[in-house]
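No value in this document is a laboratory result; all are computed from the given coordinates. It should be emphasised that the depicted structure is a prediction, and the values quoted were computed from it without experimental measurement. Reconstructed Cβ throughout: ideal geometry from the backbone, glycine too, with neighbour counts over all protein chains shown.
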Amino acid sequence: MAAPGTLEEPQVQAMFDRIAGVYDTLNSVMTAGLHHRWRTRAVELSGVREGDRVLDVATGTGDLALALARVVGPAGVVVGVDFSPGMLSLAEAKDATGAVTWLQGNALELEFADDGFAAATVGFGARNFSDLDRGLSEMVRVVRPGGRVVVLEITTPQKPPLSTFFALWFDRLVPILGRVLGDASGAYSYLPSSVRRFPGPGVLAQRMVTAGLVDVRYILTAGGIIALHVGTVPG
């Protein structure tokens, strides 16, 4: 059996299918509802406007894609891609007006032409890429010159007291919370490990540069637990 945080891609997909029904509840409890605010900030950083065509990768239950759709409006197009049918089913159920096109797909092999989107985003999904560099490169490939790539992700704070709280909350309490609310798959034991193995903000910024982005910057919020990265596709 693979160690937590090093699951193979099919195992991760199956895990998210199993927890889809409790995913939104757990997110709201774990973040005190602040995850919606962070997604709003990600939309702002994407720079999208009314009428734009936008891609949300690893869309999960669709909250970031729906937030993007509210900005681009009826004249725009938002595509949400995820490898979990269970997650996509919940995303579609939220989308009463059909504002988003929901597609099952692999973030490492996006089935879109080059330069087809004004922006590409990923919210709390990049740490689940089995090949982060390939996933970033794919996002860059499908965004037109001058467009932006945004990565919203949990990061590990390095200094106490927040690092102490983070270790207590994510390593001990989150797995317990997951079991109490119905996670029998071990997904919320996987979560802390996946966060810890994910690159820190500075390293992620450099890997975004390596993927082909320029003007890469990042913002830390929630006391340093949340990082929002943004870079521009060169023209």
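The loop-placed trypsin sites (Lys or Arg not before Pro) in segment 46-126, going by DSSP, that have at most 16 neighbouring Cβ atoms within 10 Å of their Cβ come out as ARG49. The distance from the alpha carbon centre of segment 196-216 to that of segment 34-95 is 22 Å, rounded to a whole number.
Please give me, ordered by residue number, the GluC sites (Glu not before Pro) of segment 71-142 that lie in loop per DSSP and have at most 12 other Cβ atoms within 10 Å. Please report the intermediate quantities before stating the final value.
Details: sites: GLU92, GLU109, GLU111, GLU138; in loops: GLU109, GLU111.
Sites meeting the loop and neighbour criteria: GLU109, GLU111.
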